[in-house]
Amino acid sequence: MLAPGYGPLETGFRVQPDGNVYACTYTRFPYAKGKMVEWWFGSFLHNTQSYKLWHPGHTTFVWDEKKKPGTCVGATHISEEYLGDQVVPMRIRFYDPSDIFDVSKFKKAQISCALVAEIKNPQGKNFALFLHMVRDTSFGCEMRNRFWLIGSNEESARHLLKHNLEEMGSLAEFLPGLYLREN
C-alpha cells in the first residue's frame, strides 16, 4: 500500500484458502485531499443525519463516549446500514495507523490519511477488518480500501463492494464542496 503504483487487485474480491474473503475498492476523489477525508471521519460525521448524507442505505449512527474532537482514532462508530437487502448492525472501532504501519514512510508515499478499523457485531464478534488508505495526487486524491471479511461469503463480499463503491463515490462527489463550505 505504500509502494508507488497499484496492486494486482484494486477493485474486486477473492476467497482466501482459509475461507475468509479479501475485498478491495478504489475510488478517485477529484479536487479533494486526504485532509478532507480525515476531517469527514474525525469532525463532520457526527450523527444519523450526517451519516445518511453519505449513503441512502445508512440508517442509524452514533459515536461512543471515546470519540474526541477532530479524530476517530480510539472511538467506535455504532451504526446500522443496508448491505444488499439486509440491515447490518455494526460497531466500527478505529485504531491509530501507527499500530500497524511505519507512518514515517507516509510522506514519501504521499499518504495523507489512513483509517484502520475492526468491525464487530453488537455481541462483540469480529466479522471484518478494514483499511482506508488515501494518497494525494495531482487531480486530488485516491482512496484504496482493503477489507478482510472473517467467515464471510461471495454474496456478502459483492454487497460490501457495491455499498463501498457507492458510498465512497458519493463522498468523492460532495466532499470538496462540503469541506470548503464548512471550513
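For the set Arg158, Arg93, Arg181, Arg135, the ranking by accessible area, highest first and with no ligand, DNA or RNA atoms included, is Arg181, Arg158, Arg93, Arg135 under a 1.4 Å probe. Each residue of segment 5-11 is assigned a 3J(HN,Hα), and the resulting list reads x, 10, x, x, 10, 9, 9 Hz, derived from the Karplus form 6.51 cos²θ - 1.76 cosθ + 1.60 (θ = phi - 60°), x at Gly and Pro.
Rolling a 1.4 Å probe over the heavy atoms of the protein chains gives the chain an accessible area of 52 Å² per residue. I'd like the distance between the alpha-carbon centres of segment 88-111 and segment 141-180, rounded to an integer number of Å. If we compute the Cα centre of each part, the gap is 16 Å.
Positive-end ranking of Leu161, Phe94, Gly57 along the dipole of the chain, with charges on Cβ about the Cα centre, is headed by Phe94. Put Ile100, Ile150, Ile92 in order of accessible area, highest first, and with a 1.4 Å probe you get Ile100, Ile150, Ile92. Its Cα centre serving as origin, the chain has a Cβ charge dipole (Lys and Arg +1, Asp and Glu -1) of approximately 440 debye. Per-residue packing, averaged as other Cβ atoms within 10 Å, sorts the ranges 58-65, 169-176 into the order 169-176, 58-65, beginning with the highest. In this structure, the amide hydrogen of Leu83, modeled 1.01 Å from its nitrogen in the peptide plane, lies closer than 5 angstrom to those of Val88, counting only residues at least 5 positions away or on a different chain.
On full extension, the segment bounded by Ala3 and Val103 gains 34.7 nm, given 0.36 nm per residue less the C-alpha separation. For segment 138-144, the Karplus equation 6.51 cos²θ - 1.76 cosθ + 1.60, evaluated at θ = phi - 60°, returns couplings of 5, 8, x, 7, 9, 10, 10 Hz by residue, with Gly and Pro reported as x. Ordered by 1.4 Å accessible area with all protein chains kept, Lys66, Lys120 run largest first as Lys66, Lys120. The fraction of accessible area contributed by carbon and sulfur in the chain is 54 percent, rounded to a whole number (1.4 Å probe; ligands and nucleic acids excluded). Once the Cα-Cα distance is subtracted from the 0.36 nm per residue extended length, the Leu53 to Thr71 segment shows a gain of 4.5 nm.
The values are calculated or read from the model by the stated rules, or taken from the named source; none is laboratory data. Values in this document were obtained by computation on a predicted structure and should not be read as measured data. Here the Cβ is made from the backbone with ideal geometry for all residues, glycine too, and neighbour counts use every protein chain on show. Just so you know, the surface numbers come from the protein's heavy atoms only, side chains and all, with ligands and any DNA or RNA stripped out. Shrake-Rupley method; radii C 1.70, N 1.55, O 1.52, S 1.80 Å.
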